[in-house]
Amino acid sequence: MVINFNGNIVNESDQLSKNRGFLFGDAVFESFRLISGAIIFWEDHYFRLMASMRILRFDIPENFTADFLKKETLKLNYQINNGLDARIRITVYRNSEGRYKPKSNSVSFIINLETLESSNYSIEQNTVIVDLYKDFFISNQLIHSIKSNNKSINVLASIFATENELDNCILLNNYKKVCEFINGNLFYVKGNKIYTPNLQSGCLNGVLRKNLIKIIKLTELSIEEADISPFDLVSADELFITNVIQGIVPVTNYRKKKFDIEISSRLINILNDSVSYS
């Protein structure tokens, strides 16, 4: 089959043909990190990917075991990256004919890779300025808590951040409660207590979020998953972003508020010592 691509008649690629992820956002993905050739928190990533596929009613192939997908990931990394540190994305899409109604629920997967330079989590940016994004809101339904290809709000919030000279934005849910950052979960510190939006807020059930909560519970600090108002952040001592690629990213400025980075700096050291490899 041929298509018109930017005015040129070309053959349609195998990755595009019947790719409902491209046509309808009918896909899920999982991003994770390799350190020294090993996948960190692999079991958590694998089970979240499987749960997302079940929610979207994909037929999960029998060979889609944790060991199979790990081997396919490491094969790519060794072939093009010499087994070095990398950011990996596995995308699984429904590869079926049909319009909104698919003719089957069979799937295909694509794995891609981006080389990373550092083997440890670290604080790299001195200033991180954030504000609220209020043009569109995150739904708190289960379907929006998975990592699907439908990330229009995150994309538009990123454009908004660039246009307003921000480093990130805080996304709100339909009830105007704090949900998450564009590319990670949100935590804030007040005294010896740390708060993060609960999963009912619509925030992503982040792998690092899950593991950081476990880590915090082993310290003298306390952690609470709660409904969080944007006004709560103004009285916070610290505010930070978490994702499995960057680790912990301290926010320095939210509107007129300036934050410390003492607890986040301490937690990133504990996190480096606590990372589990597969």
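The values are calculated or read from the model by the stated rules, or taken from the named source; none is laboratory data. Only a predicted model underlies this, so the values are computations on that prediction, with no experimental measurement involved. Methodologically, a virtual Cβ is constructed for each residue, glycine included, from the backbone with ideal geometry; neighbour enumeration extends over all protein chains shown. What goes into the accessible areas is simple: the full protein's heavy atoms, side chains included, and nothing from ligands, DNA or RNA. Shrake-Rupley method; radii C 1.70, N 1.55, O 1.52, S 1.80 Å.
Might you tell me the accessible area per residue for the chain, computed with a 1.4 Å probe and given in Å²?
Values: 14690 Å² over 278 residues.
The answer is 53 Å² per residue.
Which value, in Å³ per residue, describes the convex hull spanned by the Cα atoms of region 112-153?
158 Å³
Placing one identical point scatterer on every Cα of the chain and ignoring solvent, what is log10 I(q)/I(0) from the Debye formula at q = 0.07, 0.12, 0.15, 0.17 Å⁻¹?
Evaluating at q = 0.07, 0.12, 0.15, 0.17 Å⁻¹ gives log10 I(q)/I(0) of -0.28, -0.82, -1.22, -1.45.
Rank these by accessible area, largest first, 1.4 Å probe: 196, 115.
Numbers: 196 0, 115 80 Å².
Output order, biggest surface exposure first: 115, 196.
Given labels modelled 7 Å from the Cα in the Cβ direction, how far is it in nm from residue 1 to residue 106?
For the pair residue 1/residue 106, the computed spacing is 1.4 nm.
Considering only DSSP states other than H, G, I, E and B, which trypsin sites (Lys or Arg not before Pro) in region 178-278 qualify as loop sites with at most 13 other Cβ atoms within 10 Å? Mind showing how you got there, number by number?
On the way: sites: 190, 193, 209, 210, 214, 217, 255, 256, 257, 258, 266; in loops: 255, 256.
Qualifying residues, ordered by number: 255, 256.
When only C-alpha pairs under 8 Å and at least 6 residues apart count, what is the relative contact order of the chain, in percent?
On the way: 508 pairs, mean separation 50.9, N = 278.
Worked out over the chain, it gives 18 percent.
Over 25 Å between Cα atoms: which of 151/176; 147/210; 71/147; 214/258 fall into that group? The partial results should precede the final answer.
Numbers: 151/176 19 Å; 147/210 15 Å; 71/147 22 Å; 214/258 27 Å.
Where the Cα-Cα span goes over 25 Å, the pairs concerned are 214/258.
Run the numbers for residue 164 and residue 221: contour at 0.36 nm per residue of separation, minus the present Cα-Cα distance, in nm.
Numbers: separation 57, 0.36 × 57 = 20.52 nm, distance 3.48 nm.
Taking residue 164 through residue 221 to full extension adds about 17.0 nm, to one decimal.
Quick one: pull the percent of accessible area on the chain belonging to carbon and sulfur, 1.4 Å probe, ligands and nucleic acids left out. Mind dumping the intermediate values first?
Working: 7130 of 14690 Å².
C and S fraction of accessible area: 49 percent.
Taking the Cα centre of each part, how many Å lie between region 234-271 and region 107-175?
Using only Cα atoms, the two centres lie 16 Å from each other.
Rounded to two decimal places and with Rh computed the Kirkwood way over Cα pairs, what is Rg over Rh for region 1-41?
In region 1-41, Rg relative to Rh is 1.24.
If region 28-173 were replaced by its equivalent ellipsoid, with semi-axes equal to the square roots of 5 times the Cα gyration tensor eigenvalues, what would those be, largest first, whole Å?
Values: eigenvalues 157, 125, 31 Å².
They are 28, 25, 12 Å, listed largest first.
log₁₀ I(q)/I(0) of region 16-67 at q = 0.20, 0.30 Å⁻¹, via Debye over equal Cα point scatterers, no solvent, to two decimals?
Relative scattering, expressed as log10 I(q)/I(0), comes to -0.83, -1.18.
Mind giving me the FRET efficiency for residue 114 and residue 262? R0 is 35 Å, r the Cβ-Cβ distance, nearest 0.05 is fine.
Details: r = 31 Å, r/R0 = 0.89.
Result of the calculation: an efficiency of 0.65.
Starting from the Kirkwood Rh over alpha-carbon pairs, what translational D in µm² s⁻¹ does region 84-148 have by Stokes-Einstein at 37 °C and 0.692 mPa s? Spell out each step's value before the answer.
Values: Rh = 16.6 Å.
Once the numbers are plugged in, D ends up at 197 µm²/s.
Which of the GluC sites (Glu not before Pro) found in region 1-68 are in a DSSP loop and have at most 15 neighbouring Cβ atoms, other than their own, within 10 Å?
Details: sites: 12, 30, 43, 62; in loops: 12, 62.
For GluC sites (Glu not before Pro) across region 1-68 that sit outside H, G, I, E and B with at most 15 neighbouring Cβ atoms in 10 Å, the list reads 12, 62.
Let me have the 222 nm mean residue ellipticity of the chain computed from DSSP H runs of 4+ only, each contributing -39500 (n - 2.57), with the sum over all residues rounded to the nearest 500. Intermediate results must be reported in sequence, preceding the final value.
Details: 7 runs with 76 residues, N = 278.
After summing the helix terms and dividing by the residues of the chain, the value is -8000 deg cm²/dmol.
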